[in-house]
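Here is the structure we will look at, set down as structure tokens.
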Amino acid sequence: MQVDLLKDPPRKLFFQYLIPSVSATMVTSIYVLADSIMIGKGLGEIPIAALNLVLPIFNVLFGTGALFGVGGAVLFSVSMGNKDQARARRYFTLACLANAAFMLFYFICGNLWLELILRLLGATTNTMSFAMDYAKLIILGTPVFCFSSFLQAFVRNDQAPRLAMAAVISGGMMNIFLDWLFIFPLNLGMGGAALATVLGTTTTCLILCTHFFHKENKMIPLWKNLRFRYIKEIFQYGFSSFFMEISNGIVIFVFNLQLLRYAGDLGVTVYSILSNSSYVIIALSNGIAQAAQPIIATNFGAKLIERIAQVKACGLRTAAIEGSIFTLLGLAFPLAVVYIFVNPTQPILEMAPLAVRLYFLCFIGMALNIFYVNYFQATLQSSKALTICALRGLILCVSLAFLLPTIPFLGVLGIWLAMPLSETISLLIAIYLAKASAKRA
């Protein structure tokens, strides 16, 4: 896509980036979603609960790719807006090296201490064997998981959002087909589902790598005058993306522990339905935010404030509409959500509908909060981005998940309410911070 981020109409640019960006992030969620649906339908309730216990490992791997991918890509775009291509290339070089170093660390730790890690994540006697079968292959796929999200961020910011979309869609379709093939005809169980995810992500990475051979590619390593402070800057501006991804894993971990305490494996199974549903909304919200991010970052580098405001307004409206649609769907059709993932037993049918209705109230706030985090990153307001991430993903959500169930008349209902309350409070603070920064601009 040949566009001029500094001259083309901002609204037109946003919608040019929106479909490729949303398509790419949506299909990323399919890696987990397809596994969940196929495992739930093909293998049953305990295996899908085991998958939910492994999800924090995904969060760490994809989050690390986002840490160096988004952090490096934002600085890459700001440098390009400043017409400093050499600096942009240095950011890419160091981000790539740092991502590779963390990838190697995770690979070694995962192979040495996988069973211990799974026990810490809450695996029980019922779920351990299923979790191990799945996680062993995920650890072997560490390189492609770390570099998938990394390359998506850079390729998109190097003005090739359609290639990023094509790569993720191709990998997602491969993953869906292989999930069906490995679980049903070949009967490979949890290991088959994990292998399908690894091969799908590998396909995505290989297609993304074709960008390096394109004549418009600016992602060219530059080894001269590399400075340690560049890594510090990459970490600073990408940490919010890492924290947002990791916080999803922390929330899943905390909710699993609390639900095991208050509702047993049944609660974890119901929560797996909710957490997998939220992957779709998170993916859509990330797609909307990431459509705006390269445009905002490049115009921020060129100090074109009015253009930034126009893109921000388009993004917030789109995020609000998206979140509202999914909230209404959950309120109106909670059983439809349940049947997507499992063939429910009577205990699930008794617990799940109210859980879906309460949990889905969070999606409006979630969509807007994710946009605000990406907006603060793109305008180099890293402390504000991190504040919102910490509030919605750790401080408020975890605190409420522990506090609300202790209220006598709430019990397990308090766990379902923790997410809507934390997203709402975080959104109010995000709006305040955005208005405060606008007044100083």
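The values are calculated or read from the model by the stated rules, or taken from the named source; none is laboratory data. Not measured: the values here are computed from a predicted model. Neighbour counts run over all protein chains shown; Cβ positions are idealised from the backbone, glycine included. These area figures cover heavy atoms from the full protein model, side chains too; ligands, DNA and RNA do not enter into them. Shrake-Rupley method; radii C 1.70, N 1.55, O 1.52, S 1.80 Å.
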Exercise for the section: Assess whether residue 64 counts as being modelled with pLDDT of 85 or more, touching a Phe, Trp or Tyr at 6+ places or on another chain (Cβ under 7 Å) and surrounded by fewer than 20 Cβ atoms within 10 Å (Cβ to Cβ). Expected result: no
Handout entry: Residue check, residue 80 under 23 Å from residue 281 (Cα atoms), open to solvent by 30 Å² or more (accessible area, probe 1.4 Å) and of a type outside the set (S, T, N, Q)
Key = no
Practice task
Kindly indicate which of 220, 169 is part of a helix (DSSP H, G or I), β-branched (Val, Ile, Thr) and touching a helix residue (DSSP H, G or I) at 6+ places or on another chain (Cβ under 8 Å).
Solution key: 169
Exercise for the section: Can you tell me which residue among 388, 415 is open to solvent by less than 10 Å² (accessible area, probe 1.4 Å), under 18 Å from residue 244 (Cβ atoms) and at pLDDT 90 or above? Expected result: 388
Handout entry: Test: residue 94 is of a type in the set (A, V, I, L, M, F, W, C), within 30 Å of residue 269 (Cα to Cα) and more than 21 Å from the chain's Cα centre (by Cα)
Key = no
Problem - Residue satisfying condition, being within 25 Å of residue 6 (Cα to Cα) and open to solvent by less than 10 Å² (accessible area, probe 1.4 Å), within set 299, 276 - result: 299
Problem - Filter result (among the β-branched types (Val, Ile, Thr) and surrounded by 24 or more Cβ atoms within 10 Å (Cβ to Cβ)) within segment 46-61 - result: 48, 54
Exercise for the section: May I ask you to list the residues in segment 325-363 that are hydroxyl-bearing (Ser, Thr, Tyr), assigned to a helix (DSSP H, G or I) and either open to solvent by 40 Å² or more (accessible area, probe 1.4 Å) or at pLDDT below 90 (or both)? Expected result: 339
Problem - Members of segment 120-166 that are in contact with a Pro (Cβ under 8 Å, 6 or more places away or on another chain), surrounded by fewer than 23 Cβ atoms within 10 Å (Cβ to Cβ) and assigned to a helix (DSSP H, G or I) - result: 162
